[in-house]
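The values are calculated or read from the model by the stated rules, or taken from the named source; none is laboratory data. Note that the structure is predicted; figures quoted are calculated from it, not measured. Glycine gets a Cβ as well: all are built from the backbone with ideal geometry, and neighbour counts include every protein chain shown. The accessibility values were calculated without ligands, DNA or RNA, using every heavy atom of the protein model including side chains. Shrake-Rupley method; radii C 1.70, N 1.55, O 1.52, S 1.80 Å.
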Amino acid sequence: QRQLVESGGGLVQPGGSLRLSCAGSRSDFKAYHMGWYRQAPGNQRELVATISSNGNINNADSVKGRFTISRDNAKNTVYLQMNNLKPEDTAVYYCKVWRWDAEYWGQGTQVTVSS
């Protein structure tokens, strides 16, 4: 059973916006940290943003002021609102949910920023 299901990727023009969602199947995900990572072709997977179980947020410098991570514990879901997208944001975006004894990854969703 897939633990995390992502949605919201697609093709967008530079300056546009997308909202990614990652829904978890476990009701105890509210106790987990959540985050988004991305991987562009030929590059290593990199952190985009994380939000802890108590709401503390960490953003990569490259997305500060443009991307916003949030979570809805009632829905076991983490979101990534992406504004002012740039071509260099093109990548496969993965959600990750983890705590000290377990981690889960989503299947990835493609985000392409191109005119």
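Values computed for the structure shown
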item	result
Residue, farthest from L47 (Cα to Cα), within region 64-83, restricted to residues that are loosely packed, with under 15 Cβ neighbours inside 10 Å and basic (K, R)	K75
Residue in region 1-22 that is nearest to G106 (Cα to Cα), counting only those that are surrounded by fewer than 19 Cβ atoms within 10 Å (Cβ to Cβ) and of a type in the set (A, V, I, L, M)	V5
Residue list for region 84-99, filter: open to solvent by 60 Å² or more (accessible area, probe 1.4 Å) and over 15 Å from G35 (Cβ atoms)	N84, K86, P87, E88
Residue check, Y104 crowded, with 16+ Cβ neighbours inside 10 Å, hydroxyl-bearing (S, T, Y) and touching a helix residue (DSSP H, G or I) at 6+ places or on another chain (Cβ under 9 Å)	yes
Pairs with Cβ under 7 Å, 6+ apart, first in region 27-44 and part of a loop (DSSP other than H, G, I, E, B), second open to solvent by less than 10 Å² (accessible area, probe 1.4 Å) and not charged (D, E, K, R)	Y32/V97; A40/A91
Failed criterion for L47 (all others in (1) surrounded by 19 or more Cβ atoms within 10 Å (Cβ to Cβ); (2) farther than 12 Å from T109 by Cβ; (3) under 12 Å from the mean Cα position of the chain (by Cα) hold)	(1)
Condition check for G35: open to solvent by less than 60 Å² (accessible area, probe 1.4 Å), modelled with pLDDT of 95 or more and among the small types (G, A, S)	yes
Test for G55: is it farther than 27 Å from E88 by Cβ and among the small types (G, A, S)	yes
Residue check, S17 in contact (Cβ under 8 Å) with a residue 24 or more places away in the chain and either under 30 Å from S115 (Cα atoms) or of a type in the set (K, R) (or both)	yes
